[in-house]
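Heads up: the structure comes next, in structure tokens.
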Amino acid sequence: MRRNTTQRMAIEQVFRQHARPLGVEEVLTYGRRLVPSLNQATVYRNLKILIDDGWLKRISHPSLGALYERTGKGHHHHFHCRVCNRAFELPGCALKEEEAAPDGFVVEEHEIFLFGVCPTCMGMAE
Ligand SMILES: [Zn+2]
Ligand SMILES: [Zn+2]
């Protein structure tokens, strides 16, 4: 049986409430609103279990490092807001892999991050 079910359920709840990739600090901050005793070691341990279970996947952000997001959404890209430092999911994929690489390169997969300002931060700037 799984141990620490309350903490794991809180972490799962955080990902259900925030439909975007989250870093460990964000998971910790939001998770503590549900379970105040949550600490970083617990978060790391549960993230690993959720990845092993196939419920979460880890993505590598060029500047934020490791982020975690729900699996099962299909291939998509990400957007990073330079103002609030949050990552967002973008729907779908417009890249033609076979045209993106020169002859002789065999593309197996790709990850794309777009950088800019999110709608919330654009609104606050006015
Ligand atoms: Zn923003
Ligand atoms: Zn793509």
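Some notes on this structure:
- Kyte-Doolittle mean at least -1.0, axial Cα span of 15 Å or more - DSSP H helices of the chain: 5-17, 40-52
- Under-5 Å amide H pairs with Ile59, H placed in peptide plane, nonlocal only: Leu67, Tyr68, Glu69
- Taking 7 Å steps out from each Cα toward its Cβ at Glu99 and Arg32 produces label points 4.9 nm apart.
- Carbon/sulfur fraction of accessible area - the stretch 65-126, other protein chains in place, 1.4 Å, %: 55
- Distance between the modelled labels on Thr71 and Tyr44, one decimal in nanometres: 2.2 nm (7 Å Cα→Cβ projection).
- Where the chain is the region considered: accessible area per residue in Å², 1.4 Å probe: 65
- Distances between placed amide hydrogens fall under 5 Å for Leu90 paired with His77, His78, Phe79, all partners being 5 or more residues away or on another chain.
- Altogether, the Stokes-Einstein calculation at 10 °C and 1.306 mPa s, with the Kirkwood radius of the chain over Cα pairs as Rh, returns a diffusion coefficient of 98 µm²/s.
- CD proxy at 222 nm, helix term only [per DSSP H run n ≥ 4: -39500 (n - 2.57); per residue of the chain; nearest 500]: -10500 deg cm²/dmol
- Sequentially through the stretch 87-103, phi angles give Karplus couplings (6.51, -1.76, 1.60; θ = phi - 60°) of 9, 10, 8, 10, x, x, 8, 10, 8, 9, 4, 5, 9, 7, 10, x, 3 Hz, Gly and Pro residues having no value and appearing as x.
- Karplus 3J(HN,Hα) series, Hz, for the stretch 78-85 with 6.51 cos²θ - 1.76 cosθ + 1.60 (x for Gly, Pro): 10, 10, 10, 8, 6, 7, 9, 6
The values are calculated or read from the model by the stated rules, or taken from the named source; none is laboratory data. Because the structure is predicted, anything quoted here is derived from the model rather than measured. Please note: Cβ atoms are built from the backbone with ideal geometry, for glycine as well, and neighbour counts cover all protein chains shown. The accessibility values were calculated without ligands, DNA or RNA, using every heavy atom of the protein model including side chains. Shrake-Rupley method; radii C 1.70, N 1.55, O 1.52, S 1.80 Å.
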